[in-house]
Amino acid sequence: MSEQTGSQPPRKGARRLIGRTFAKAWDGNIFSESAEAAFWQTLSLPPLLLGLLGSLGFMGDWFGQGFVTTVHDKIITFCERVFTGNVVQQIIEPTVDDILTIGKGEIVSVGFVISLWAGSSAMSSFVDAITVAHDQYGVRNEVWQRIFALLLYLCGLVLLVIGLPVIAVGPDVLTDFFPDSWRPTLSTWIGVGYYPVLAVGLILALATLYKLALPRRLPWHRGLPGAALAMVIFLLSSIGLRLYLGWITSTGYTYGALATPIAWLLFTYFIGMAVVGGAYFNSAIQELWPAKMTRRQRRRWRRLELERMSSEGGATAAPQVAEEARVDRPRTE
């Protein structure tokens, strides 16, 4: 009895999970990974807005100038809830004002081509950090991983072009499909649930990124805990940073002309830390509570094991693995 008790693994509770997450994040140097992500996010912002908002400018000719104004107001309102006033007024709002109302073909094409390199580099930094967190860095070919990050960026850009008008105009158009007596109540519910639903959508998108970034992919639901944690980390850091910057301003100590760029870099740094921290949290969960292999993964493992043992042990080992695979295969009636 004592031998069985001594051989039991330690209790895998919340404290062990938190400790393992911090240990993995520290060993993986989360601070440098967050700084790298912040650098590439900053570099990719202008060309990303140039390609995204420039293409949305064409839609003003289709839906009217009111559509462009609505998208502009939604973007600025959302940014004001996340970033500080200086960042919005001096960086984001002027860029949006200049681009959203133009919509020229040459701007869209040039901006899109320019944003490919910078945008894919930002996505590549996240993909690299996620693979490092799960000890899968180097499993995927480096050239293919960069191309893969580029493809993820392109897919995300297409989804933004399609989804941003829906997010901006959708709540106002949705009420038109209901009777007049329902519209005030429905508008109230939409106003209350708009940002929570948007947050849930971001969590689902981040969970999808956690799944797609890994060469040896985990079930999709395994990315949800880290995505939820990333959202919490960013919200808390955003609130804390806004309070800190407000306090610094009230004391009279400022960074002068560098105050706004520094604030933006800090926000992007915490975005990177949230995404990378969520990846390490998912990795710790996978380490303590491993996910079961899917049927496809089991078949692939048997095939690789058969090939390995055939090459190492010759004809004597191959029949044994084949027999194990045959016995383990579910019977069909």
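Assorted remarks:
Quick grid of which residues meet (1) part of a loop (DSSP other than H, G, I, E, B); (2) modelled with pLDDT of 85 or more; (3) within 30 Å of N29 (Cα to Cα); (4) of a type in the set (S, T, Y):
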{"site": "D135", "(1), (2), (3), (4)": "yes, yes, yes, no"}
{"site": "L152", "(1), (2), (3), (4)": "no, yes, yes, no"}
{"site": "G156", "(1), (2), (3), (4)": "no, no, yes, no"}
{"site": "L160", "(1), (2), (3), (4)": "no, no, no, no"}
{"site": "V166", "(1), (2), (3), (4)": "no, no, no, no"}
{"site": "D172", "(1), (2), (3), (4)": "no, no, no, no"}
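- 2 or more residues of a type in the set (D, E, K, R) and at pLDDT 70 or above: qualifying helices (runs of 4 or more DSSP H) within segment 245-332: 295-313
- Test for V143: is it assigned to a loop (DSSP other than H, G, I, E, B), out of contact with any Gly (no Cβ under 9 Å at 6 or more places or on another chain), farther than 19 Å from N29 by Cβ and among the aliphatic types (A, V, I, L, M): no
- Options G19, G119, G111, G103; residue that is in a helix (DSSP H, G or I), modelled with pLDDT under 65 and either in the same structural domain as I285 (by TED's automatic domain parsing) or on the phi > 0 side of the Ramachandran plot (or both): G111
- Subset of segment 212-235 (residues that are of a type outside the set (G, A, S), within 22 Å of L266 (Cβ to Cβ), at pLDDT 90 or above and crowded, with 16+ Cβ neighbours inside 10 Å): L229, M231, I233
- Candidates in segment 174-183 are the residues that are surrounded by 10 or more Cβ atoms within 10 Å (Cβ to Cβ) and assigned to a helix (DSSP H, G or I); of these, the one that is modelled with the lowest pLDDT is L174.
- Any hit, segment 44-53, residues being surrounded by fewer than 19 Cβ atoms within 10 Å (Cβ to Cβ) and at pLDDT 70 or above: yes
- Among residues that are among the β-branched types (V, I, T), within 24 Å of L152 (Cβ to Cβ) and at pLDDT 75 or above, I75 is included.
The values are calculated or read from the model by the stated rules, or taken from the named source; none is laboratory data. Remember, predicted model here, so these are calculated numbers, not experimental data. Here Cβ is always computed from backbone atoms with ideal geometry, including for glycine, and neighbour counts include all displayed protein chains.
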